[in-house]
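The values are calculated or read from the model by the stated rules, or taken from the named source; none is laboratory data. These numbers were taken from a predicted model, which means no experiment stands behind them. Here Cβ is always computed from backbone atoms with ideal geometry, including for glycine, and neighbour counts include all displayed protein chains. These accessible areas exclude ligands, DNA and RNA; they are computed on the full protein's heavy atoms, side chains included. Shrake-Rupley method; radii C 1.70, N 1.55, O 1.52, S 1.80 Å.
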Amino acid sequence: MILISVQDLEKSFGIHEVLRGVSFSLQKGEKMGLVGVNGCGKSTLMRILTGELEADGGSVHKSKDLRIGYLAQVDDIALTDTVWGALLRVFEPVIAMERRLSEMEEEMARETDPDRAVKLSVEHQKLLERFNEVEGYAYQGEMLGVLNGLGLPVEMHQRVVGTLSGGERTRLSLAKLLLQKPDILLMDEPTNHLDLEAIEWLQEYLMGFKGSLLLISHDRYFLDHVCTTMGELLGGKMIKFTGNYTEYMHKRTADFETRMKAYQLQQKEIQREMAIIERYRSFNREKSIKAAESRQKRLDRMERLDKPVEEQHVRFSFDARRRSGEDALEVDRLSKRFDGETVFENVSFQMRTGDRVALIGPNGVGKSTLFKILMNQLTPDTGVVRYGTNIDVGYYDQHQQSLNPNNSILDEVWNDFPTMEQSKVRGALGLFLFTGDEVYEQIGKLSGGERGRVALTKLMLKKDNLLLLDEPTNHLDMDSREVLEDALRDFPGTILAISHDRYFINRFADKVMVMEQDGIREYLGNFDDYLEKRNRPVAPVQLGVPEQTKTEQMKEKKRDRKFNAMLRELKAQVKKAEEAIEQNELRIAELEAKLADPATYEDQNLMRQLTEEYAAEQEKTAGLYDALEEAEMAVLEVEEG
């Protein structure tokens, strides 16, 4: 059953066209993720569906009596309400029924007239049935469950809404929306302001939600687990895919290639038809002119395919200017207090060269404070930090506080690398999509994502061998996140990254460290491995069975490091083989173009040289694919143990 149907939707702001012929439908029970680069119109589309905005063209059809719940940027919660009181308003009809049932019970207890007592009893029974149908007895339990799940515990329930922070208000709005149980949930970045625990709770809630969902999110792990379909806004139009985010990424590439091939074939056919028409016209005979006109009419009626467009993507890689020793970093019993309040204590861990570690933990536990201590921007109250031999530390600050807001983009990067030629600085900025006069934009006028790309440019050029990354995927669009993950995967150095991005952690980490106020717990593997170990039942202690010794632990860690180093080396071989195949195919295409040029055959030596080189490249192809297959099989064997 279709709940919402959108046909040829159009919306512009001034001369800027945002939506152009958007068409799609949302079925009952369907959970659809909406993705696209920043500014492509995702939030605009959602606001049109709620009626907040009016479309310039097209239509939106909704099924009768459809109840839509929208997580608005500006909530309608009264500032004078308490947290608990704000949510009680959702259940006012249920509370009124509960009050009436209580009144009727008191009336029945006092009633002496048998006929009146029977009548009251019948009315009470009917109202009680309605009360049970809406599960009126459970509303307080639901409120408690949702508030606790979203990180608003009992001690906050009597807080006045006006005293809450922006993040707490957002969570309260989300709680109110979920308790309303609409037919369709429209959610724009619902995981903002949530810590990992609350995100996991919301993820589980939405997976079990019986209604439909339209979701805008940059959290790819969340999209993977919640969504059954994906819609991509590209060039003002909607392309829809079945499956979750990972399936969409695979299908998107195949779909683009299919549409591009169809477009190219049609263009080739159009050119062929136009050549035939011109040839007929050149004969200048009545019969040939009629034939040309007939073909022209057929050509005019042809439905022309639009050339598939693909958004520009950043492309970069990280390298290290020198090798470091085997030990990268040792942190021993660090603690930090502010105004007498302990932020964390007893934080200890070691990192070896080549480790890829994700640092997670609840908001406010001091992860960013720890990084500032590691960068000597703050002094710990106790404990020491030791770096290994030849360690060069690169730091990515999620707030980009080191950027000078008065500098231009070009000056901001060039000032850090004054001996570098301007053309090389501009070339590096070009990899992050800063081209032409854009490099003269002032840092203070840039968006969060643009400032993040400037910071990544500087980090790439520094070529440090230990990267401390504080929420590096914040403000980046999804394609940029994918490129960052690929760059980190191929980086030969050591990485310690704070992140709430579970998809990112899965792609880069070989260890997860959970930071709490009283120290750190370590888990080998990525985020999914951490979840599996965290949720695994604890085995009972067996008497007489010794615990793993420190020597055995060190041996296990060493085996893990060797395993990860071997896997990285094999994956590098796969990448090298893929690049060789790409170069081979490009060269073959070049040679084919030259051999198709009649001018080539005027020079016999050139023709012979090109023919021989073409044959040699063709011979190389099979060998290159064999090398790729061998490398991929080696990776598979190592991964499967």
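Tabulated values for the structure
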| item | result |
| --- | --- |
| Separation of the ARG159 and GLU197 label points, Cα + 7 Å toward Cβ, nm | 1.4 nm |
| Efficiency of FRET from Cβ geometry, MET420 and ASP339, R₀ 60 Å, rounded to 0.05 | 0.85 |
| Accessible-area value, VAL18, 1.4 Å probe, nucleic acids and ligands omitted, Å² | 10 Å² |
| Å² of accessible area per residue within region 5-79, as computed with a 1.4 Å probe and no ligands counted | 53 Å² |
| Lys/Arg +1, Asp/Glu -1 at C-beta; region 15-127 dipole; positive extreme among PRO114, LEU71, GLY41 | GLY41 |
| Accessible area (Å², 1.4 Å probe, nearest 10) - PHE256 | 40 Å² |
| Å² of accessible area per residue within region 433-530, as computed with a 1.4 Å probe and no ligands counted | 32 Å² |
| Spatially proximal lysines relative to LYS287 (Cα-Cα < 17 Å; intrachain offsets below 8 disregarded) | LYS297 |
| Semi-axes of the equivalent ellipsoid for region 278-330, Cα gyration tensor, largest first, Å | 67, 14, 6 |
| Relative compactness, the chain, computed as alpha-carbon Rg over 2.2 N^0.38 Å | 1.23 |
| Accessible surface, 1.4 Å probe, highest first, among residues ASP183, ASP65 | ASP65, ASP183 |
| Distance histogram in 10 Å bins (all Cα pairs of region 285-376, percent per bin) | 10, 23, 16, 11, 8, 6, 8, 10, 6, 2 |
| Overall Cα dimensions of region 233-317 - principal axes, largest extent first, Å | 60, 31, 20 |
| Accessible heavy-atom area order of TRP201, TRP84, highest first, probe of 1.4 Å | TRP201, TRP84 |
| Label point distance in nm, GLU578-LYS297, each placed 7 Å from Cα along Cα→Cβ | 5.2 nm |
| Cβ-Cβ FRET estimate between LEU127 and LEU531, R0 fixed at 45 Å, reported to 0.05 | 0.50 |
| Mean accessible surface per residue for region 154-213, computed with a 1.4 Å probe while every protein chain stays in place, in Å² | 41 Å² |
| Within region 349-387: backbone nitrogen closer than 16 Å to the GLN517 label point (7 Å, Cα to C-beta) | 361-367 |
| Label-point gap, in nm, between LYS28 and SER408 - each point 7 angstrom along Cα→Cβ | 6.1 nm |
| For the chain: relative contact order, % (alpha-carbon pairs under 8 angstrom, 6 or more apart) | 12 percent |
| Surface share of carbon and sulfur [accessible, 1.4 angstrom probe, percent] for the chain | 49 percent |
| Pairs from LYS42/LYS210; LYS251/LYS594; LYS210/LYS533; LYS119/LYS181; LYS64/LYS307; LYS424/LYS511 whose Cα-Cα separation, in the structure shown, is over 32 Å | LYS251/LYS594; LYS119/LYS181; LYS64/LYS307; LYS424/LYS511 |
| For MET207, solvent-accessible area (1.4 Å; no DNA, RNA or ligand), Å² | 90 Å² |
| Mean Cα-pair separation over length for region 8-136, i.e. relative contact order, pairs under 8 Å, 6 or more apart, % | 18 percent |
| Cα centre as origin, Lys/Arg/Asp/Glu Cβ charges: the chain dipole, Debye | 1000 debye |
| Candidate aspartates and glutamates - alpha carbon under 13 Å from LYS462, same-chain residues fewer than 8 apart omitted | ASP319, ASP392, ASP416 |
| Whole-percent pair-distance distribution, where bins are 5 Å wide, for the alpha carbons of region 361-471 | 2, 10, 20, 20, 18, 13, 9, 5, 2, 0 |
| Where a label projected 7 Å from the Cα of LEU524 along Cα→Cβ would reach, residues of region 470-496 with amide N under 18 Å | none |
| Signed unit charges on C-beta, dipole axis of region 230-348, positive-most listed residue GLN267, ILE239, ALA320 | GLN267 |
| Mean Cβ count within 10 Å, highest first, over the residues of peptides 623-631, 86-94 | 86-94, 623-631 |
| The chain: calculated mean residue ellipticity at 222 nm from DSSP helix runs of at least 4, using -39500 (n - 2.57) | -15500 deg cm²/dmol |
| List GLU613, GLU569, GLU232, GLU482, ordered by accessible area with a 1.4 Å probe, largest first | GLU569, GLU613, GLU482, GLU232 |
